[in-house]
Structure formats: structure tokens, C-alpha cells
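To keep things clear, I will list the structure first and then write my remarks on it.
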Amino acid sequence: MIRTLLFIPLFGGLLSFMIASDRLRRAVLVLTALCHFTAVFVLWNKGFAPLGDTWLGIDALGLLFLLIASTLFLMAAVYTVGYLAGHPHASIPDKRFSRESIFTGSFIFFLGTMTLAIMSQHVGVFWMAIESTTLASAPLISYQHSPRSLEAAWKYLLICSVGIALALIGNLALVVSAAFDPALHGLPMTFGALADHAGALQSTWIKGAFVFFLVGYGTKMGLAPMHTWLPDAHSESPSPVSALLSGALLNCAFLGILRVHIILGKAGLAMFSNQLLMGLGLLSMFLAGWFIVQQTNFKRLLAYSSIEHMGILAIAAGAGTQTHFGAMLHAMNHSLTKGMLFLIAGNILAAFGTKTVSRVTGIIRVMPISGILWIAGFLSICGVPPFGTFVSEFSILYGLGQSGHWIVMALMLLALGIIFVGMFRILIPMAYGEPSQELPVSPENGWYVIPPLILGAAVLVLGCWIPQPLNRLFAQAASLLGAY
Amino acid sequence: MITHIIVALLVLINLQMLGSSRLGGLIRAVALEALLMGFLTLVIHTGQFTWYEWVVIGSTITVKSVLLPLLLKRALHETVVRRDVEPLVGYSLSLFFGLLFVGISALAVVKMPMPPIHTSPLVIMAGMLTVCTGLFLIITRTKAITQTIGYLVLENGIYALGIALAAESPFIVELGILLDVFVGVFVMGIMIENINREFDNIDTTQLTSLKD
């Protein structure tokens, strides 16, 4: 099943480069997404075998992130069909290796590389996979070939490649940390094996390795102060790509940090990694708050909100076992909400033709469904009940209190408050009032509305009731995190 | 002895890159550096080579010191009008930083606890110096193509650290990392051409429309 999950996007991607017909290619995109989604459920149904020394395997943590990525990809793929039909780029349609075919192919390969990253248990394979996610997604960001999108893509490619190169030094340091004890000779460099023998690893080198991983994968995850590529890439790329970057890709990088964090915990160095994670998390939240309050571009605003939520996840991962369940729940809630918001942002951009906040008013009048979803998304991203984000943020705050991190909790509440006010002032006036331009009120296109509607409904359901199997998955993933 | 000579050459090449004002010279230097790294693997390695180690060394040298420099040369011919580097930090100051990096790397090697296995401190120093040089080039040189070269230098440095610390990855992983670097520089090359078409130059100081 693990191989199937990798082969589905590989075939789909290759096929997309080959197919000449635009309509057929779009069908392949949705079909690939559906097959991948189904395969994830089949895998879930089969349960987990012990990983052993395998390089590719799935555990509860991996399955959770895979589920998030696959769900989001399915929704983004459906949306993309509408997007591609509405933004015809090629002067000659139905051409092989046209810009659209390269876009679709890279889009599917992007899913494949994320799947590989989530399933890799070997530190080297994980590095490879994360670097290839950068390479597969860079052409997606520059799809429109406008100067601004090229600038964003260049920054993304360079900053992330350099960051990930530093994570490779982290890989080397991990190998060296295992070289001190002769008993560890020939130890396979898998996350599991390293965690099992964590006590025998040399502590200075393993601390160094964590710092390099945190800087390297933290760049990709968008933790401040390494976040500089993120607002540019998220605001300039086509909306379904922004949704995937924010909802799926950032999580993959987070998974890498988590897996090394587990090793440090097992080595008795949890204090060290916890403090670093919480420090960077708080920094990310406040920095995001600073830029959200004065933001004039609504897609950049959503990007900064992703930095904020990555900060929350980092804090929750670093605060000890009480917050881990909340962290897992929050990873899913944030991805679903942010996916929905970016897709709606795409609808607003298509209707109003601008990303400037002040020039968009009266969304509800022009596009009733999108307008209502926009408000729902705002409430959800700020953690207002009855949405799932409320449950997860509350659970994290409660855990912080239980474990005695009062200062962190107070600072986090402060940042959440600032961000709530900032977003309220910016997003709500966009929805109400008279439309700023004379726009025809037409029924909304199903391709554009149904995916965000489903994502929004999912967050709402998660806020009221977590299905039993999913609840078990969150708990299993959390127990993997806090196994020390 | 041969190791010492190669390390000395690597230090000199790094300093030369920091002081170099010509883009063509920079590309030649990075190619030579990758070639020396390849030799270093042959010299340092103890014991017999297996066939797949030969494949890894052979493909590393081919990709990093032949294919990628050729690719960069091509991008240079198609895009750049002014062939000099146009740094943010002057050449003599860059050289001074280079010497500083030599000192820092040497100090770090002395201070770090070294594993009891066979490692070569001099090569670790050269690797760290190369990593620093790469990062410095990326930060202080403004052309997209020099930043790509800086990325290659950084990768060379990490490769040197890998061989010095005897941190060999399995065959597939080594080749996978190499493939990522190759495709990465390839995509950067394509993007440089696109940037050139859109902006009429590849000066990244003009990429400033996105900011807060």
C-alpha cells in the first residue's frame, strides 16, 4: 500500500505531462487525487505494522499528516479544475508540455514528494523528499510568469534550498553523534532506530543536529525569523497552490522537526529542544501579529496567519505531553481552515481583481456563499467556538496551564488577542457594506465553492464532535510524540 | 600529505572566490572545487572501494564539476550583459571575512568533541570554511546567478563535511541528494532565464516589489 501511494502521484504526474487534451488532463488530476485519498483510507484501515528498520513506513504521526495532505489536495485539485478553466494561459489549447500541462504535472508531483516526505523514516530520505517538495512547487508559484510571481518563486527556491542544505548538516551531525559508542556501529539512520538508541548518542552533537534541523526545516515550516519567503510565495501563487503550501507543505516540515524532537526527548535532552521550540513559536506568533495588524493585502494576511499557527504548533510540541493531543488536533484544524480561506481568497481575487483590502467591500452582496464562508473562516482561524480550532487552541492553552507554563500561556493569549483584533478590523469590513465596484451578481461556480464549503464543514464538525477513529489517531500520534 | 595539499588548494580557492570579480572565473572555481572534493574522497577513504562507491564518486564529479558549471555557463551567456559580480560587500572586505572564516573553522574543529573513529580535522575545517564561503556569497552577491553559485559552494562544503566525518549515507540516499542538487540548480537556471526575460537583468536587488 505504501508503494501504491507513491506510484499513484508518479503515474498521474507523468501522464499529465504527456496528455495533450486540457480537459482530459484535468480529469487525470482529480482522479489522481481521488485515488490517493482512497488509498490513504485503505492504509488507515489496515492499521500500522511495527516499523523496524524500514526506510519507508507509516506510523500514527505519519498517517495523520498524510490524511491532512491528501484531503487538502483533493479539495485543491477540484478547485484547480475551475481555476485552470477560468485562467486560460496557452494561446493554443490542448498542447503537450504547455504551461498548463507543466503546472498540472508539478502539482501532482508535489503531492508525491509530500507523500514521500511523510512516509520516510530514514533521515537521508526525508531530506531528499523535503528538498524535492521545494523543487516540485517552485514552478507552481511562478505559474502566472508575472514579475511578482517570479520574484516570489526565486526567493522561495533560494531561501528554502539554502535552509534545507543546512538541515543536511544536521543529518551529518546525527550520524556523528552515533559514532562515539562502538556498540552503535552500523546503526541504520532511521528516526526509529536513533530514538531507540538515543541514550548512547553523544549529547553535544545531537544538540547541534537539532539546531541545524530547526533552522533548516524551520525555514520551510515558516518559523520566524526564517519565514521571509512565506508571505511572498503564499500571496503570489495561484490560490489552490497557496492552500496546499500552507495546509500541507508546512506540516511536512513540522513533521521533520517533530521526529528529531522525539529523538532528543528519548536522549533526555527534552529541556533543550522544548525551550527552543517554545521560544521560536512565541517569536513567530508575535511577529505574525505585528504584520497582521498593519496588513493591506489579504493573501499576505493569511500567509502571516500561517506563521502564527506554525508558532502555536511549535509551542504545543515543545510544552510537554499535556499539549501534544492539542497540537495534533490543531495541525488538522489549521490546515482545513487555512485551505478554505485561501480558496475563498482566490474567489475574491477573481471577482474583485485585487488583493488590496481597502478595495474589497461587500463580498456577501456579490458572492453570498463565499462571503459567508469568508466570515466563517475568519471566526475559525481566530479560534472562536463552535469551530475545531477553538477546541484545539483551548486544549493547548489548558495543557500549558496544567504543565505550569504560565508565562508562555499568558504571552500566547496576548498574541492571540492582538491577532484577533487585527484580523477582525481587516477581514470583516471586506464582507459587509456596499460593493466597491459595479459587479454583476451571478450564481457562483460550483468548482470554486464546493471545495471550501466541504473544508469549512469539516472544521465545524471537528469543533462539535471528533469521530472515534480520528480521535484514536490523534491520541496515538500524541503518544508517539511524548513517549519519553 | 596529498590530503594537506588538497586542503590548502581548497582554502585558496575559497579565498579566490571571495576576491574574484568575474562571473566566469567564479564558475571555473566552483567546478575545480568540486573536482578537488572528488579527489579528496579517493584519498581519505580507507579500505577497498565497492562498485557503488565508484558510481557515487563518478557521478558526483560529473554532475558538480562538469554538468552544472556548463549549465551555469550557458545561463551566463544567455542572460548577463555585465560580466562582473557587483557585490554588496567589497572584494577586500570579503577577503578579510574569508580569513575570519578560516580562523573560526579552525577554532571550531579544535573545540568540538570528535568521535573516536577515523576523521580528518583538516578536511572538517576545509568543509566548514566552504560552507561559510557559500553562505557569504549568497548573502553578499546580488546577481541571481552568483547566488546559485553560492548554493553550489555550500553543497560542496557539506559534501566535504560528509566525507571528513565519515558520515556515509546509503547508496540510494547519496544519489538522491545528488539528484536533488542537480535538479535544484537546473530549476534555478530556468528561473534565471525567466527573470532575465521579465526584468531584462538578473539583479536580485531589483526584486523588491514584495515586502511589508
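The values are calculated or read from the model by the stated rules, or taken from the named source; none is laboratory data. These figures come from a predicted structure and were not determined experimentally. Neighbour counts are summed over all protein chains in view; Cβ atoms, including those assigned to glycine, are modelled from backbone coordinates with ideal geometry. Accessible surface areas use protein heavy atoms only, side chains included; no ligands, DNA or RNA. Shrake-Rupley method; radii C 1.70, N 1.55, O 1.52, S 1.80 Å.
Data overview
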{"item": "Residues satisfying the stated conditions in region A:170-207, i.e. touching a helix residue (DSSP H, G or I) at 6+ places or on another chain (Cβ under 9 Å), small (G, A, S), closer than 22 Å to A:S120 by Cα and without any contact (Cβ under 8 Å) to a residue 60 or more places away in the chain", "result": "A:A173, A:S177, A:A178"}
{"item": "Subset of region A:124-144 [surrounded by fewer than 24 Cβ atoms within 10 Å (Cβ to Cβ) and within 7 Å of chain B (Cβ to nearest Cβ)]", "result": "A:G124, A:V125, A:S132, A:L135"}
{"item": "Boolean, A:G105 is surrounded by 23 or more Cβ atoms within 10 Å (Cβ to Cβ) and more than 8 Å from every other protein chain (Cβ to nearest Cβ)", "result": "yes"}
{"item": "Number of the exception - A:S436 against (1) modelled with pLDDT under 90; (2) among the small types (G, A, S); (3) within 30 Å of A:G279 (Cα to Cα)", "result": "(3)"}
{"item": "Search result, residues across region B:1-44 that are assigned to a loop (DSSP other than H, G, I, E, B) and without any contact (Cβ under 8 Å) to a residue 24 or more places away in the chain", "result": "B:M1"}
{"item": "Checking A:V384 against (1) of a type in the set (A, V, I, L, M, F, W, C); (2) closer than 30 Å to A:P435 by Cβ; (3) in contact (Cβ under 8 Å) with a residue 60 or more places away in the chain, the condition it does not meet", "result": "(3)"}
{"item": "Set A:M310, A:M340: member being part of a helix (DSSP H, G or I) and either over 20 Å from A:Y79 (Cα atoms) or open to solvent by 10 Å² or more (accessible area, probe 1.4 Å) (or both)", "result": "A:M310"}
{"item": "Helices (runs of 4 or more DSSP H) wholly inside region B:97-212 that include at least 2 residues being in contact with a helix residue (DSSP H, G or I) (Cβ under 8 Å, 6 or more places away or on another chain), under 24 Å from B:H4 (Cβ atoms) and among the hydrophobic types (A, V, I, L, M, F, W, C)", "result": "B:121-140, B:144-164"}
{"item": "Residue in region B:194-207 that is crowded, with 24+ Cβ neighbours inside 10 Å and within 8 Å of another protein chain (Cβ to nearest Cβ) present", "result": "yes"}
{"item": "Pick from region A:2-16, criterion over 25 Å from A:E100 (Cβ atoms) and either more than 20 Å from the chain's Cα centre (by Cα) or small (G, A, S) (or both), ranking: modelled with the lowest pLDDT", "result": "A:I2"}
{"item": "Residue tally, condition surrounded by fewer than 17 Cβ atoms within 10 Å (Cβ to Cβ) and part of a helix (DSSP H, G or I), over region A:376-406", "result": "5"}
{"item": "Residue check for A:G222: open to solvent by 30 Å² or more (accessible area, probe 1.4 Å), more than 14 Å from chain B (Cβ to nearest Cβ) and farther than 21 Å from B:P170 by Cα", "result": "no"}
{"item": "Selection within region A:17-47 - farther than 22 Å from A:R96 by Cβ, open to solvent by 40 Å² or more (accessible area, probe 1.4 Å) and in contact (Cβ under 8 Å) with a residue 40 or more places away in the chain", "result": "A:L34, A:V42, A:W44, A:K46"}
{"item": "Odd one out for A:A248, checked against (1) among the aliphatic types (A, V, I, L, M); (2) over 12 Å from the mean Cα position of the chain (by Cα); (3) part of a helix (DSSP H, G or I)", "result": "(2)"}
{"item": "Unique residue being among the small types (G, A, S), part of a helix (DSSP H, G or I) and more than 20 Å from the chain's Cα centre (by Cα) when the list is A:A27, A:A77, A:A69", "result": "A:A27"}
{"item": "Members of region A:196-218 found to be in a helix (DSSP H, G or I), away from chain B (no Cβ under 13 Å) and open to solvent by 10 Å² or more (accessible area, probe 1.4 Å), listed by number", "result": "A:D196, A:G199, A:V211"}
{"item": "Among (1) open to solvent by less than 30 Å² (accessible area, probe 1.4 Å); (2) part of a helix (DSSP H, G or I); (3) under 22 Å from A:H324 (Cβ atoms), the one test that A:I58 misses", "result": "(2)"}
{"item": "Failed item, numbered, when A:P88 is tested on (1) part of a loop (DSSP other than H, G, I, E, B); (2) touching a residue at least 24 places away in the same chain (Cβ under 8 Å)", "result": "(2)"}
{"item": "Extreme residue, modelled with the lowest pLDDT, among residues of region B:115-129 that are crowded, with 16+ Cβ neighbours inside 10 Å and within 12 Å of chain A (Cβ to nearest Cβ)", "result": "B:T119"}
{"item": "Test: A:M285 is surrounded by 24 or more Cβ atoms within 10 Å (Cβ to Cβ), of a type in the set (A, V, I, L, M), in a helix (DSSP H, G or I) and more than 10 Å from every other protein chain (Cβ to nearest Cβ)", "result": "yes"}
{"item": "Breaking point among (1) within 14 Å of chain B (Cβ to nearest Cβ); (2) at pLDDT 95 or above; (3) open to solvent by 10 Å² or more (accessible area, probe 1.4 Å), for A:G279", "result": "(1)"}
{"item": "Failed criterion for A:L157 (all others in (1) surrounded by fewer than 24 Cβ atoms within 10 Å (Cβ to Cβ); (2) at the interface with chain B (Cβ under 10 Å from one of its Cβ atoms) hold)", "result": "(1)"}
{"item": "Residue list for region A:24-56, restricted to those being within 24 Å of A:L194 (Cβ to Cβ) and at pLDDT 90 or above", "result": "A:L56"}
{"item": "Residue within region B:141-152 that is in contact with a Phe, Trp or Tyr (Cβ under 8 Å, 6 or more places away or on another chain) and at the interface with another protein chain (Cβ under 7 Å from one of its Cβ atoms) present", "result": "yes"}
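Yes/no matrix, rows are residues, columns are (1) over 10 Å from the mean Cα position of the chain (by Cα); (2) among the basic types (K, R); (3) modelled with pLDDT of 90 or more:
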site: B:K143; (1), (2), (3): yes, yes, no
site: B:T148; (1), (2), (3): no, no, yes
site: B:L152; (1), (2), (3): no, no, yes
site: B:G157; (1), (2), (3): no, no, yes
site: B:V181; (1), (2), (3): yes, no, yes
site: B:F186; (1), (2), (3): yes, no, yes
